[in-house]
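Beneath this line is the structure, given in structure tokens, with notes to follow.
The values are calculated or read from the model by the stated rules, or taken from the named source; none is laboratory data. Every value quoted in this text rests on a predicted model; they were computed, and no experiment measured them. Cβ placement follows ideal geometry from the backbone for every residue including glycine, while neighbour counts extend to all protein chains displayed.
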Amino acid sequence: RQLNPKVSAFQRRFVGEVRRCEEMEKTFAFLQQEVRGAGRVPVPCAESPRAPLAREALRLQEQSEQLAQELREVSHNRASLRGRLRHLRQYLHVLREGQRFTSLPAPLGSPPRPRAFSDHEPILDPSLHQHLDRKINFVAGVIHPWRVSAFERLLWRACRGYLVASFVEMPEPMEDPATGEDITWVIFLISYWGEQIGQKIRKISDCFHCHVYPYPESEASRADTMSGLHSQIQDLSVVLEETEQYLAQVLDKVVMALPTWRVQVQKMKAIYLILNQCSFDVTEKCLIAEVWCPVRDLTQVQEALRQGSYKSGSSVECFVQRIPTSESPPTLIRTNKFTAGFQSIVDAYGVASYQEVNPAPYAIITFPFIFAIMFGDVGHGLLMFLFALWMVLYENSPSLRQASNEIWLTFFEGRYLILLMGAFSIYTGFIYNECFSKATVIFPSAWSVAAMANHSSWSSAYLATHPSLTLDPNVTGVFQGPYPFGIDPIWSLATNHLNFLNSFKMKMSVVLGIVHMGFGVVLGIFNHVHFRQRHRLVLEFLPEVVFLLALFGYLVFLIFYKWIKFSAADSRLAPSILIHFIDMFLFTSNTDNLPLYRGQVPVQMVLVVLALASVPVLLLGTPLYLSCRRRSPRPGRSAPVADGEQEPLLEGQEAGNSVNATKEDVESGGHSPDAEHLDFAEIFMHQAIHTIEYCLGCVSNTASYLRLWALSLAHAQLSEVLWSMVMRQGFVRLSYVGGVVLVPVFAAFAVLTVAILLVMEGLSAFLHALRLHWVEFQNKFYVGAGYKLCPFAFAPDVCE
Amino acid sequence: AMAYGGLTVPIIVMSVFWGIVGGVLPWLVPKGPNRGVINTMLVTCAVCCYLFWLIAILAQLNPLFGPQLSNETIWYLRYDWP
């Protein structure tokens with residue numbers, strides 16, 4: 001906990017150390033850049049080094065800065081050496097090429113004039129120049145190839161032909177210092193006469209960023225210069241090589257040391273940041289920190305403190321002491337790798353309040369189950385299960401764990417969730433009897449077409465004139481009993497199968513929804529009992545349950561009753577449950593709608609009255625009880641208004657005070673349940689909102705569960721469309737061509753199945769299952785206003 | 001046509017099966033830190049799956065109408081299915 005809120009961030013005790021760590025990190029970043037620039041990969045360090053002590057930190061800093069300095073110097077040297085080398089080389093080339101234009105008729109054996117290279121033929125035949133009486137001067141240099149034509153034009157215009165310019169490409173490309181890429185430079189040689197023209201030419205070449213080199217007049221001096229250049233270049237190359245070698249050595253040193261240093265400095269910085277949150281006691285001799293600690297781990301903490309004192313060789317031991325506080329503690333729920341995924345989806349809605357009942361253990365099963373109701377298909381479920389199984393079996397492989405793709409990481413974190421979702425989908429797929437939208441006949445179908453055909457004498461001629469006929473369950477032998485596991489396979493061949501399926505799925509959704517919500521209300525019992533609020537058991541739980549069961553439990557009863565009692569024999573007169581339910585609320589009756597059982601009307605009236613009676617109990621019960629309890633004489637409870645005095649640690653303290661900081665100083669965390677100030681109005685308002693939310697919520701949430709029906713219908717229809725319009729086309733052709741066509745057809749089917757049915761429908765069903773859990777289930781009992789315990793830990797350094 | 005046992009055989013089989021999963025297996029789970037979670041999972045799973053199966057079979061117990069089949073399907077099923 002932050003004990004120094006008054007002191008600004010810059011004045012805290014350890015800010016110097018933190019700053020030092022940050023400087024070191026900057027140095028490290030520079031080193032890393034250099035290493036990366038030279039193309040080396042830093043090796044990640046194998047074990048995590050311990051955080052260094054303060055004097056070691058100084059040494060680390062010195063070392064790293066020294067290395068950085070060395071690196072900088074060496075790089076700088078190398079860059080300048082390279083620049084010089086380049087200049088020398090360019091000069092050499094200029095001289096060499098220039099020879100070709102100014103030399104006297106070429107001696108035998110030398111290469112012929114490279115007319116192919118030059119852009120221009122010299123206007124003036126070089127052999128003529130000795131006849132002219134004016135002295136010819138030369139300007140020689142190197143120019144960027146893109147600027148050549150502009151240069152020429154400008155020269156010609158400026159000097160009006162009083163010069164001879166020749167351009168030749170350099171035989172080898174050289175590095176351009178500005179961009180670092182290799183360019184073939186163009187060497188130019190300008191012969192002119194007259195001083196002023198010379199000045200103009202030089203100015204123009206300056207403008208064009210050419211490198212101009214002095215061009216010696218006579219042949220001999222040229223040869224001298226060239227040999228001098230050669231030796232210089234050689235020397236320089238040797239020096240450059242040695243520089244590069246030294247640079248490589250320095251880089252090696254850096255590569256070896258850098259990762260360890262980084263981790264060490266990071267740990268140091270984290271420790272100092274935490275130390276900044278502690279306060280000094282009055283004598284400035286020791287640090288005090290206030291922490292949250294789970295009760296079970298208290299002995300471990302004491303042990304660790306003892307070890308720490310021993311290892312750092314201090315004379316005084318560290319110790320830990322419990323202090324009372326009025327803040328609400330953070331929530332810690334211990335999870336393993338399997339349960340962590342499910343806990344995180346509960347926490348995403350809201351972390352459980354301290355010591356509240358945790359819905360996650362139930363969500364481990366109910367969440368994949370509700371997903372599976374919307375996704376039910378054996379084939380798709382199997383694919384999903386196998387995918388998750390692969391992820392689970394290879395969960396320790398580093399290539400899976402350290403992928404950088406965020407979407408993949410999300411799937412990987414939820415691998416156990418997907419595993420269970422796939423497994424339940426296989427089960428519900430069997431019950432829905434859907435495998436890639438086809439039904440499987442595990443048991444023989446309960447409907448006998450033969451019996452119907454014989455009874456109604458369906459001859460072939462009769463069938464030819466009637467494109468569709470219905471089996472009548474009233475006829476003996478047609479319907480032989482319920483299919484033992486799931487939906488009868490004949491329904492997938494029927495044209496009216498949606499009629500049956502809709503009725504089934506709608507009732508199923510309602511029943512499961514009411515059971516789920518009822519379970520949520522029952523979980524509230526745990527909360528009431530744990531927090532010693534038994535009055536809430538009678539005043540809240542009881543009316544809630546009565547309301548839910550009297551209305552919606554009765555609906556479930558009606559559904560089951562109708563399934564059992566009414567058959568095809570009286571199908572004409574079968575009552576509609578929905579109309580009965582509506583009439584129940586409106587206290588009317590419909591003569592066309594026969595009652596389901598004798599005495600239905602009075603029973604329903606009693607239930608509605610009971611439900612309506614439970615509403616005011618829910619609304620007023622708890623507030624009245626609480627206010628009654630407060631009004632009864634309290635045994636002199638003095639309000640614990642804290643006085644802002646400092647009190648030492650060992651004597652009794654007021655709740656909420658901390659050692660050596662006044663109450664105003666300490667940041668106020670949670671609320672102080674000061675009972676004096678609780679308004680009757682506030683409790684009443686809170687309870688009223690809760691009542692309205694609950695009662696209206698019962699109705700709307702029951703309807704909300706119908707999304708189970710909607711999504712499972714959508715999934716079934718999509719997969720049927722995919723089958724009949726894509727895959728079946730591959731089977732329609734009966735020739736050998738059809739066999740070949742089947743391959744791309746299957747490819748299309750597979751891609752669409754994975755993309756649309758698995759990914760899209762899977763995400764959709766996941767989202768809706770999540771919503772059902774978060775809203776419809778959890779608002780029956782969950783508060784979720786807690787905050788998580790964030791213990792100090794060295795996070796593993798992931799190498800970028 | 002196979003004589004169905006109606007509702008009795010399936011309901012006995014399934015009740016026993018999920019009853020074992022939800023009522024007997026929790027006693028056999030070895031003691032460890034995860035025992036509570038595993039037991040919760042077993043019971044919840046048994047209840048959910050049993051309920052789901054029960055709804056499916058009860059919905060088909062007394063059908064109010066029969067399947068409507070195309071004549072091609074009738075031609076085929078008349079002789080292929082018992």
Q.
Please verify whether residue A:138 is at pLDDT 55 or above and closer than 14 Å to residue A:166 by Cα, treating the condition exactly as stated.
A. yes
**Q.** Among the residues listed as A:424, A:443, the single one being in a loop (DSSP other than H, G, I, E, B) and facing chain B (nearest Cβ under 9 Å)
**A.** A:443
Q: Would you check if residue A:541 is modelled with pLDDT under 90, buried (at least 17 other Cβ atoms within 10 Å of the Cβ) and either assigned by the TED database to the domain that holds residue A:363 or more than 27 Å from residue B:76 (Cβ to Cβ) (or both)?
A: yes
Q.
Quick check on my filter: what residues within region A:530-571 are out of contact with any helix residue (DSSP H, G or I) (no Cβ under 8 Å at 6 or more places or on another chain) and assigned to a helix (DSSP H, G or I)?
A. A:530, A:557, A:561, A:565, A:568, A:569, A:570, A:571
(Q) If I filter region A:728-744 for residues that are surrounded by 13 or more Cβ atoms within 10 Å (Cβ to Cβ) and at pLDDT 85 or above, do I get at least one hit? (A) yes
Q. Within region B:52-77, which residues are farther than 13 Å from residue A:483 by Cβ, at the interface with chain A (Cβ under 7 Å from one of its Cβ atoms) and of a type in the set (Phe, Trp, Tyr)?
A. B:52, B:65, B:75
Q) Quick one: would you say residue A:759 is in a helix (DSSP H, G or I), on the phi < 0 side of the Ramachandran plot, β-branched (Val, Ile, Thr) and in contact (Cβ under 8 Å) with a residue 40 or more places away in the chain? A) no
**Q.** Meets criteria (in contact (Cβ under 8 Å) with a residue 60 or more places away in the chain and more than 10 Å from every other protein chain (Cβ to nearest Cβ)) for residue A:397
**A.** no
Q: Could you tell me which numbered condition residue A:434 fails, if it satisfies all but one of (1) out of contact with any Lys or Arg (no Cβ under 7 Å at 6 or more places or on another chain); (2) of a type in the set (D, E, K, R); (3) away from chain B (no Cβ under 14 Å)?
A: (3)
Q) Going by the structure shown, is residue A:141 touching a Cys at 6+ places or on another chain (Cβ under 6 Å) and not in a loop (DSSP other than H, G, I, E, B)? A) yes
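Filter region A:495-519 down to residues that are more than 8 Å from every other protein chain (Cβ to nearest Cβ) and closer than 30 Å to residue B:71 by Cα and give me whichever is surrounded by the most Cβ atoms within 10 Å (Cβ to Cβ). Walk me through how you get there before you give the answer.
Looking only at region A:495-519, we keep the residues that are more than 8 Å from every other protein chain (Cβ to nearest Cβ), and these are A:498, A:501-502, A:505-506, A:509-510, A:513-514, A:516-519.
So of that shortlist, the ones also closer than 30 Å to residue B:71 by Cα come out as A:498, A:501-502, A:505-506.
Values: A:498: 14, A:501: 20, A:502: 12, A:505: 24, A:506: 17.
That would be A:505.
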Q.
So, in region A:208-225, how many residues would count as being under 30 Å from residue A:150 (Cα atoms) and modelled with pLDDT of 80 or more?
A. 0
Q) For region A:400-425, how many residues meet the condition of being aliphatic (A, V, I, L, M) and free of Cβ contacts under 8 Å to residues at least 40 places away in the same chain? A) 6
**Q.** Test: residue in region A:431-443 that is surrounded by fewer than 18 Cβ atoms within 10 Å (Cβ to Cβ) and among the acidic types (Asp, Glu)
**A.** no
Q: For residues that are out of contact with any Ser or Thr (no Cβ under 7 Å at 6 or more places or on another chain), part of a loop (DSSP other than H, G, I, E, B) and farther than 19 Å from residue A:440 by Cα, tally how many sit in region B:54-82.
A: 2
Q: Scan region A:327-338 for residues that are surrounded by 16 or more Cβ atoms within 10 Å (Cβ to Cβ), within 14 Å of another protein chain (Cβ to nearest Cβ) and farther than 13 Å from residue A:413 by Cβ and jot them down.
A: A:333
**Q.** Selection status of residue A:749, surrounded by 15 or more Cβ atoms within 10 Å (Cβ to Cβ), over 29 Å from the mean Cα position of the chain (by Cα) and over 30 Å from residue A:522 (Cβ atoms)
**A.** yes
Q: Looking only at region B:12-35, decide whether some residue is within 7 Å of chain A (Cβ to nearest Cβ), buried (at least 17 other Cβ atoms within 10 Å of the Cβ), hydrophobic (A, V, I, L, M, F, W, C) and touching a helix residue (DSSP H, G or I) at 6+ places or on another chain (Cβ under 6 Å).
A: no
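Of the residues A:369, A:411, which is more than 14 Å from chain B (Cβ to nearest Cβ) and assigned to a helix (DSSP H, G or I)?
The unique qualifying residue is A:411.
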**Q.** Scope region A:159-206; condition at pLDDT below 75 and in a helix (DSSP H, G or I); matching residues
**A.** A:159
